[in-house]
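The values are calculated or read from the model by the stated rules, or taken from the named source; none is laboratory data. In this text, all values refer to a predicted model and were calculated from it rather than measured experimentally. Note: ideal-geometry Cβ built from the backbone for every residue, glycine included; neighbour counts use all protein chains shown.
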Number of protein chains: 2
Amino acid sequence: MTKPRFKFFGWGREGEGMTPEEEDFAFRRLGERFGVERAAGLPAPRLEDIALRAPRITPPASLAPICATAPYDRAAHSYGKAYPDYLRALQGDFAPAPDVVAYPRNEADIAALLDWAGGEQAAVTPFGGGSSVVGGVEPRVDGHKAALTIDLREMGAVLEIDRSSRAARIQAGAYGPALEAALKPHGLTLRHFPQSFEYSTLGGWIATRSGGHFATLYTHIDDLVESLRTVTPKGVLESRRLPGSGAGPSPDRLMIGSEGILGIISEAWMRLQDRPRFRAGSAVRFRDFFAAARALRVISQSGLYPANCRILDPEEAWNTGAGDGTSAIMVLGFESADHPVEPWMSRALECCRDHGGEAETPAAEDAHREGAAGRWRNAFMRMPYTRERTIRCAIINDTFETAITWERFETLHDLVKAATEAAIRQATGRAGEVTCRFTHVYPDGPAPYFTFTVPGHHGRLLEQWQAIKSAGLDAVIAAGGTVTHHHAVGRHHRPWYDRQRPPLFGAALQAAKQALDPQGLLNPGVLIDPASAPPAG
Amino acid sequence: MTKPRFKFFGWGREGEGMTPEEEDFAFRRLGERFGVERAAGLPAPRLEDIALRAPRITPPASLAPICATAPYDRAAHSYGKAYPDYLRALQGDFAPAPDVVAYPRNEADIAALLDWAGGEQAAVTPFGGGSSVVGGVEPRVDGHKAALTIDLREMGAVLEIDRSSRAARIQAGAYGPALEAALKPHGLTLRHFPQSFEYSTLGGWIATRSGGHFATLYTHIDDLVESLRTVTPKGVLESRRLPGSGAGPSPDRLMIGSEGILGIISEAWMRLQDRPRFRAGSAVRFRDFFAAARALRVISQSGLYPANCRILDPEEAWNTGAGDGTSAIMVLGFESADHPVEPWMSRALECCRDHGGEAETPAAEDAHREGAAGRWRNAFMRMPYTRERTIRCAIINDTFETAITWERFETLHDLVKAATEAAIRQATGRAGEVTCRFTHVYPDGPAPYFTFTVPGHHGRLLEQWQAIKSAGLDAVIAAGGTVTHHHAVGRHHRPWYDRQRPPLFGAALQAAKQALDPQGLLNPGVLIDPASAPPAG
């Protein structure tokens, strides 16, 4: 079996990472901001140094060909890409490593694996690209006897394309680039580009309610799902391909965001779009972030539906090279496969001018590649490579995102920023940086995304990180936001999710899980507590 | 308590009905098509002739002020507005009448009513406007000892308006006109106009996944819900007001379409829109229905998002006076509160011309009120008054709707039409009429809506209707469609819903109901079978 050799520590494939230029840029910024000296820092962990317990279960002969117990496979499936994941890995702690990693080739394999896990009382962790930043793929045994991770990468094909309805049947293990490559010859695109695009999968996007790169309309994966197939311990659940329906609560919406606790999504019919031919884009400067937000509120309620309308606060713009730190930036873009978009763009720029926004350059067709917008976009896609490097130098750097209705946004912003800054000072004894951008906007509110950065202290990084992140999320929940707009809940967000989730919905979800996964094999402790101890014997 | 005096038989308020001109028009059409002579037909039922069993339960003193057992209240809550409802009422059969009708004033009243029902082992039917055409409000006792209907009409206020986020907190019992009247002074609109608008409620729309008048984008009620409060037998389930979220499966989406089996929706924060200021509209003629559908496919995938883009087949256009019966008609309209919509309209008309469509008149701002589009709209809103009149003359006339991806639409259309026509011939011994229009379109497919009409025979109407409708729905399900796009499942669509719904989703829904309504009080037999007999004693 040939598998791409992903790093067991860090982002992407082995051999990939920050370029020397990117490292220069990042450390220059850190130096200017915090006086941090560039240094090699702690060494990255080496596979040969990692001690893993002996596997507690052995696959039967029928499953052995799709199962692996090599140190590489187990180490590479111990963690996602969250800050504490990197931290523990850096310390050589791979305690969560699964006993066995399986790579099913089809639904029958998944069903057989679930049957085997049930017999062995093994907890099962579904695994897509492993890009979770919330502890969503970390195995936990809980009351079970072993941990089996099921990695869908061998199920990555585009199986069928319906050009007329613009839809495709795609296996859940398809990574972003492979999926888009298969659609491209047909002039189609899923047009779902999360930051993790290159190293995340369709099934992962659906299970975690992923948000795409685009800012309005059909961007949340929820709206792109036409139908689903999910393999549960009780059998396959398949919904009908329908553009819309009024027949009872949506079966798909129960599975979307279920984070692997109800079953393993095996394939989906996805709604596609024609590849854009017309574009207009610009970067617009605003005096401050709230002025940009007010302009964006008008645009989001205008019915213009830009493909892109992110705003960055001045510090965030500076950090990514998109601005000089004195003004907020709106990255604004329209796209269409059908018609020129100038009327849309000019009206949106009018809305910006009404709120003091100045377009950087005349709207240009290639603005999405050039200028501030282009610089920001490049920085955005390369960002995940930064953490594995800076963490070695004790930099604490993490993000969290939420969504909130417009009338509460400014209050939420100020509360979250103040609470996070105070926690940084208390945890590290120095001033840090908390920046904000919008990743998505809806007519009724934005999705603000916060980034915090501060130099911490080796040996205390986990507690320092936890104190800061907790303070930020406490403020998000207190201000009425959601604990996550598109990063999912996983294990790290559970305490805040529990405060946000209606208790009776928790009871209903618990009951639904009991019906589909009576042994509680799948991702125990994710989203909800195990219903009860697994049955004895 | 003053309550609007709705008809206990027929549509709307007492004293309302077809105008003499509308009656002339309808019977002229029926005469030309079927040779039906206009006649008085059977008399409408009279309240004083109806025999109702004595109520099997008596409200406690604390609830007596909000409960009614008068014959009018009980008769007016026996049925919805489905064809067999009218038929049974015409025959004086009011066997499903609830024992008691309650009109709660607040959530505490609802909770007290549910507690009382639990103690009495009474089945509970939530009731909005009672406009269900699928048996959704018909009480069934099943294993229970009595039937209590809870009518939300006293909870009809708009409680709070958030202008900035364009959202309002609205009680579930709000009827369409009252709700819009409360929003209008703020320049806002929910812009959700189902055909039943005047006589249906927000809670009913949400519980049944209603579709609005508008054809694309934010039209399905699912997308307009920002958050919900639902009173279940286990307590109140309230979700957060959020423009978007990625935190686990959506709690709202479990309640949307739950048709009263999980709880009684008491209020919702709803997403609103600015009232439109710019309009362009036209009616476009096409050689045939499929040519119109092909043009519409292109428009639906163009990103133009017209407010209206319904198509009517030639017979349907003729029936409503919108066309002469020789061509299919597309009713096309754009609206905006923000910007002139001419660029949108001209591109959509180009798409029509590419498929042989000829605009009836130059696109005009008042086309939504005048011309073929205006004639059709008026006919559409008045249509519900027709049935109570024509059924008395033994006319069988009903509708059903579905949704299907584009590539299967033509096949579905032909299969459904042929099956329904054959069933009409077999059931009545003569040729009937089956027409089709689209009510909504999505980028991946349309929502076709079928109407069938044929003169039947008094005394056999129920079996004739059932045979025809069953044949139509059999074909819908066989061709891959949904049993309903926006009429809901209720009791009449259950057999076909059961074929469409993934069995394991049924199990999950059953489990969720057990968690929220352990006694199975709410709408037993709607969507799912009762889990078990209600507890004894």
When the residues of region B:134-158 are filtered to those that are closer than 16 Å to residue B:77 by Cβ and surrounded by fewer than 24 Cβ atoms within 10 Å (Cβ to Cβ), which remaining residue is nearest to the other protein chains (Cβ to nearest Cβ)?
-> B:135
Where in region B:202-287 are the strands (runs of 3 or more DSSP E), entirely inside, with at least 1 residues that are more than 27 Å from residue A:302 (Cβ to Cβ), among the hydroxyl-bearing types (Ser, Thr, Tyr) and within 8 Å of another protein chain (Cβ to nearest Cβ)?
-> B:225-232
Are any of the residues in region B:451-459 without any contact (Cβ under 8 Å) to a residue 60 or more places away in the chain and either within 10 Å of chain A (Cβ to nearest Cβ) or among the acidic types (Asp, Glu) (or both)?
-> no
What about residue B:137, is it within 22 Å of the chain's Cα centre (by Cα) and either part of a helix (DSSP H, G or I) or over 29 Å from residue B:390 (Cα atoms) (or both)?
-> no
Please enumerate the residues belonging to region A:159-175 that are surrounded by fewer than 21 Cβ atoms within 10 Å (Cβ to Cβ) and away from every other protein chain (no Cβ under 14 Å).
-> A:159
Scan region A:476-503 for residues that are more than 9 Å from every other protein chain (Cβ to nearest Cβ) and crowded, with 23+ Cβ neighbours inside 10 Å and jot them down.
-> A:476, A:490, A:492
Does any residue of region B:192-200 turn out to be crowded, with 21+ Cβ neighbours inside 10 Å, within 14 Å of another protein chain (Cβ to nearest Cβ), touching a Leu at 6+ places or on another chain (Cβ under 9 Å) and in a loop (DSSP other than H, G, I, E, B)?
-> yes
Test: residue A:471 is facing chain B (nearest Cβ under 9 Å) and either of a type in the set (D, E, K, R) or buried (at least 18 other Cβ atoms within 10 Å of the Cβ) (or both) = no
Residue A:444 fails exactly one of (1) touching a Lys or Arg at 6+ places or on another chain (Cβ under 9 Å); (2) surrounded by 22 or more Cβ atoms within 10 Å (Cβ to Cβ); (3) closer than 19 Å to residue A:309 by Cβ; (4) touching a residue at least 60 places away in the same chain (Cβ under 8 Å), namely (4)
Helices (runs of 4 or more DSSP H) completely within region B:334-440 that count 2 or more residues being closer than 30 Å to residue B:471 by Cα | B:371-382, B:384-390, B:406-428
Listed by first then second residue, the pairs whose first member lies in region B:58-69 and is in contact (Cβ under 8 Å) with a residue 60 or more places away in the chain, whose partner is aromatic (Phe, Trp, Tyr) and part of a loop (DSSP other than H, G, I, E, B), with beta carbons under 8 Å and at least 6 positions apart or on separate chains, are B:66/B:103
Please work out which residue is surrounded by the most Cβ atoms within 10 Å (Cβ to Cβ), limiting yourself to region A:504-526 and to residues that are in a helix (DSSP H, G or I) and more than 8 Å from every other protein chain (Cβ to nearest Cβ).
-> A:513
Within region A:36-60, track down each residue that is modelled with pLDDT of 90 or more and loosely packed, with under 10 Cβ neighbours inside 10 Å.
-> A:43, A:48, A:49, A:54
Which listed residue, of B:411, B:439, is over 28 Å from residue B:16 (Cα atoms) and among the hydroxyl-bearing types (Ser, Thr, Tyr) | B:411
Criterion: charged (D, E, K, R) and touching a helix residue (DSSP H, G or I) at 6+ places or on another chain (Cβ under 9 Å) - qualifying residue of A:382, A:377 | A:382
Mind listing just one residue for me: the one in region B:322-339 that is under 18 Å from residue B:28 (Cα atoms) and out of contact with any Leu (no Cβ under 8 Å at 6 or more places or on another chain) and, of those, farthest from the other protein chains (Cβ to nearest Cβ)?
-> B:324
Could you check, for region A:48-61, whether at least one of its residues is outside any loop (DSSP other than H, G, I, E, B) and either over 23 Å from the mean Cα position of the chain (by Cα) or more than 28 Å from residue A:158 (Cβ to Cβ) (or both)?
-> yes
Considering region B:309-321, residues that are surrounded by fewer than 22 Cβ atoms within 10 Å (Cβ to Cβ) and not hydrophobic (A, V, I, L, M, F, W, C), and then whichever is farthest from the other protein chains (Cβ to nearest Cβ), we arrive at B:321
Taking residue A:425 and the conditions (1) free of Cβ contacts under 8 Å to residues at least 24 places away in the same chain; (2) buried (at least 20 other Cβ atoms within 10 Å of the Cβ), which numbered condition does it fall short on, given that it satisfies the others?
-> (2)
Got a number for residues in region B:476-492 being of a type in the set (Val, Ile, Thr) and either closer than 15 Å to residue B:446 by Cα or in contact with a strand residue (DSSP E or B) (Cβ under 7 Å, 6 or more places away or on another chain) (or both)?
-> 4
Would region B:447-458 turn up any residue that is out of contact with any Phe, Trp or Tyr (no Cβ under 9 Å at 6 or more places or on another chain) and among the hydrophobic types (A, V, I, L, M, F, W, C)?
-> no
